[in-house]
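Throughout, read-outs are computed from the coordinates displayed, never taken from laboratory work. Since the structure is predicted, the reported quantities are computational estimates derived from the model, not experimental observations. No Cβ is skipped: glycine too gets one built from the backbone with ideal geometry, and neighbour counts run over all protein chains shown.
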Amino acid sequence: MRIPCPYCGERDAHEFAYLGDATLTRPDPAAAEAEQAFHDYVYLRDNPAGAHEEWWYHANGCRQWLRVARDTRTHAISGAVAARVAGEPA
Amino acid sequence: MADHSSHDPLAGIPFDRVPPSGAYGAGGAAGVTVATTDTPFIALVVARNGFAASVAGRLGRAFGVEVADQARAAIGAASTVVGTGPGRFLVLSKTEPDLAGTLRALLGVEAAITEQDDAYVTFDLAGDKVPDLIAKGALIDLDPRVFLPGHAATTVIAHIGVTLWRVHESGWRLLVARSLEASFTRFLVASGAEFGLRLENGTAGRG
Ligand SMILES: [Zn+2]
């Protein structure tokens, strides 16, 4: 599996560390339902068959976090953007 | 006649010692030469948010090279600037003992500077067989038709973190963390023995 790092170019997955779901948003700790929202945020994960967005850290490269679009059925990777850049994985 | 046979060029050399200078493997003209005798001054420049382009410009003007915010080595007569990540540059100098101080004066609040003089061992690899040697441990395409002079990469070779760039047609420079010098040298010797490898090291540290 090769990940197209926006800075380094295509790199082997061995150079990266995997974090997980990149679609979650940290809840507002001041909200009334914060406790339940944080439980969901920390523990509950969807397990989609198909398109997914994930955090990968390019540890043995540019040392940047990437948001990667991967198909969980085929491992086909359709794009990656730096986490610091807003927007869809290109 | 090679000093160390091609049958087992590392025979008798302890794992935790850097293999000594000498000829390894196949006899005749060495297909690869490896030298760690050059000890440039090194510093890391990390641009603060929003200053990557400005820092690249200042580095370029100060050292007389063309610096862009990408994985390239800008090679000048006395200094080289290598991109290792967005807004991150390794600067190497032959002539600036206080390189970090020089860079702080040059870049001010635009970047964080750390001295790296003793962090890395500088491996200079030369010879037509270098790409064949490195390919045995690399995960990236270093074919000389693809990886051109001035191209740089931060990656792993033989599971060891490396920043490397192609200096000219048949010369490559690799920076490896100093504590991994023995392991990385063993990889080079074991992988380069079939081509005949000449190793030159043994300089004392700067202290
Ligand atoms: Zn990268």
Residue pairs qualifying under the 9 Å Cβ cut-off, at least six apart or on distinct chains, with the first in the stretch A:9-23 being polar (S, T, N, Q) and the second being part of a loop (DSSP other than H, G, I, E, B), are A:T23/A:D46
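Taking the stretch B:34-69 on its own, how many of its residues are polar (S, T, N, Q), outside any helix (DSSP H, G or I) and in contact with a helix residue (DSSP H, G or I) (Cβ under 9 Å, 6 or more places away or on another chain)? Outline the logic, then answer.
Looking only at the stretch B:34-69, we keep the residues that are polar (S, T, N, Q), and these are B:36-37, B:39, B:49, B:54.
Going one step further and asking which of them are outside any helix (DSSP H, G or I), we end up with B:36-37, B:39, B:49.
When the remaining residues are screened for being in contact with a helix residue (DSSP H, G or I) (Cβ under 9 Å, 6 or more places away or on another chain), the result is B:36.
So the answer is 1.
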Log entry, pairs with first residue in the stretch B:9-33 being farther than 25 Å from B:A177 by Cβ, second being part of a loop (DSSP other than H, G, I, E, B) and aliphatic (A, V, I, L, M), beta carbons closer than 9 Å, six or more apart or on different chains, reads B:A23/B:M1; B:A23/B:A2; B:A23/B:A30; B:G25/B:A2; B:A26/B:A2; B:G27/B:M1; B:G27/B:A2; B:G28/B:A2
Of (1) within 14 Å of another protein chain (Cβ to nearest Cβ); (2) over 23 Å from B:I13 (Cβ atoms), B:D117 fails just (1)
task: Return a yes/no flag: does the stretch B:10-22 have any residue that is more than 16 Å from the ligand (Cβ to nearest atom), aliphatic (A, V, I, L, M) and under 20 Å from B:V109 (Cβ atoms).
output: no
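Regarding the stretch A:69-79, can at least one residue be identified that is loosely packed, with under 11 Cβ neighbours inside 10 Å and touching a residue at least 12 places away in the same chain (Cβ under 8 Å)? I'd like the intermediate steps shown before the answer.
Of all residues in the stretch A:69-79, those loosely packed, with under 11 Cβ neighbours inside 10 Å come to A:74-75.
From what's left, touching a residue at least 12 places away in the same chain (Cβ under 8 Å): A:75.
Yes: the stretch A:69-79 contains one or more residues that are loosely packed, with under 11 Cβ neighbours inside 10 Å and touching a residue at least 12 places away in the same chain (Cβ under 8 Å).
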A:R63 fails exactly one of (1) within 10 Å of the ligand (Cβ to nearest atom); (2) touching a helix residue (DSSP H, G or I) at 6+ places or on another chain (Cβ under 8 Å), namely (2)
Within the stretch A:66-83, residues being out of contact with any His (no Cβ under 9 Å at 6 or more places or on another chain) and either more than 16 Å from the ligand (Cβ to nearest atom) or not in a strand (DSSP E or B) (or both) number 6
B:K136: passes all of (1) within 19 Å of A:E15 (Cα to Cα); (2) within 14 Å of chain A (Cβ to nearest Cβ) but (2)
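With of a type in the set (G, A, S), surrounded by fewer than 17 Cβ atoms within 10 Å (Cβ to Cβ) and either touching a residue at least 24 places away in the same chain (Cβ under 8 Å) or out of contact with any Asp or Glu (no Cβ under 6 Å at 6 or more places or on another chain) (or both) as the only criterion, which of B:G137, B:G101 stands out?
On the way: B:G137 fails: surrounded by fewer than 17 Cβ atoms within 10 Å (Cβ to Cβ).
Exactly one residue qualifies, and that residue is B:G101.
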